[in-house]
Amino acid sequence: MKTQMVLREVSIALSLIVMQTTIIPLFAIELYVPDVVLLWVVYIALRFGQIEATIGGFCSGFLQDILAGQLLGLSALVKTITGFVAGYFYNENTFEQTMTTLRYTMIVFVLSLLHNGLYFFIFYQGVKDSVILATIETGGITTLYTTVFTFIPFFYYTRKHRVVWNRS
């Protein structure tokens, strides 16, 4: 990646991490908060590939852990794994097509299930009586909420590339 592109993506990541820890909690429904940093990790995987997404997942997760002040290293671990798995969806020839179809939403849904399942399973160890049920409830609702936020980049890319849907 070129230096300008790297600086742009790093500044976007830092902005999203600050938003995730300051502004996004204002959108909370009860205790459920969407994960916009996860959306960025998936974007990096689709745009640049597995190595960049794995590194981006670790760095963004680690900074998120530091700013959130929770279990240090948990977000870094889970976002690293998610970035690695998201890299399997990388295809340099289909990035715009993926971002302008509901394929992006489905990819985020699957990866968010993985991310939230791992995160809350580890997070609830020793805290809740039924770790599995708490993981399914919290992870499932957070996954759905994060998936709703995929429509922001979806509409951005659809408009940017002037995709016209056939009406039949």
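The values are calculated or read from the model by the stated rules, or taken from the named source; none is laboratory data. Since the structure is predicted, the reported quantities are computational estimates derived from the model, not experimental observations. We place every Cβ from the backbone using ideal geometry, glycine too, and count neighbours over all the protein chains shown.
For the subset of the range 87-124 comprising residues that are of a type in the set (V, I, T) and in contact with a Phe, Trp or Tyr (Cβ under 7 Å, 6 or more places away or on another chain), which member is surrounded by the most Cβ atoms within 10 Å (Cβ to Cβ)?
Pass one, the range 87-124, residues of a type in the set (V, I, T): 94, 98, 100-101, 105, 107-108, 110, 122.
So of that shortlist, the ones also in contact with a Phe, Trp or Tyr (Cβ under 7 Å, 6 or more places away or on another chain) come out as 98, 100, 105, 107.
Numbers: T98: 18, T100: 21, T105: 16, I107: 18.
Of everything passing the filter in the range 87-124, T100 is surrounded by the most Cβ atoms within 10 Å (Cβ to Cβ).
Would you be able to say whether some residue in the range 42-51 is in a helix (DSSP H, G or I), of a type in the set (F, W, Y), surrounded by 18 or more Cβ atoms within 10 Å (Cβ to Cβ) and over 12 Å from the mean Cα position of the chain (by Cα)? Yes; the residues of the range 42-51 include at least one that is in a helix (DSSP H, G or I), of a type in the set (F, W, Y), surrounded by 18 or more Cβ atoms within 10 Å (Cβ to Cβ) and over 12 Å from the mean Cα position of the chain (by Cα).
The helices (runs of 4 or more DSSP H) found entirely in the range 81-168 that carry 3 or more residues being without any contact (Cβ under 8 Å) to a residue 12 or more places away in the chain are 103-123, 131-148, 151-160. Only one of the listed residues (L63, L71, L46, L26) is at pLDDT below 90 and of a type outside the set (G, A, S). That residue is L71. Within the range 14-35, which residues are among the hydrophobic types (A, V, I, L, M, F, W, C), in a helix (DSSP H, G or I) and surrounded by fewer than 19 Cβ atoms within 10 Å (Cβ to Cβ)? Result: L14, V18, M19, I24, L26, F27.
Pairs linking a residue in the range 9-37 that is free of Cβ contacts under 8 Å to residues at least 12 places away in the same chain to a residue that is hydrophobic (A, V, I, L, M, F, W, C) and surrounded by 13 or more Cβ atoms within 10 Å (Cβ to Cβ), with Cβ atoms under 6 Å and 6 or more positions apart or on different chains, are P25/V33.
Cβ-Cβ contacts under 9 Å between residues 6 or more apart (or on different chains), taken from a first residue in the range 42-61 that is on the phi > 0 side of the Ramachandran plot to a second residue that is assigned to a helix (DSSP H, G or I), are listed as G49/G87.
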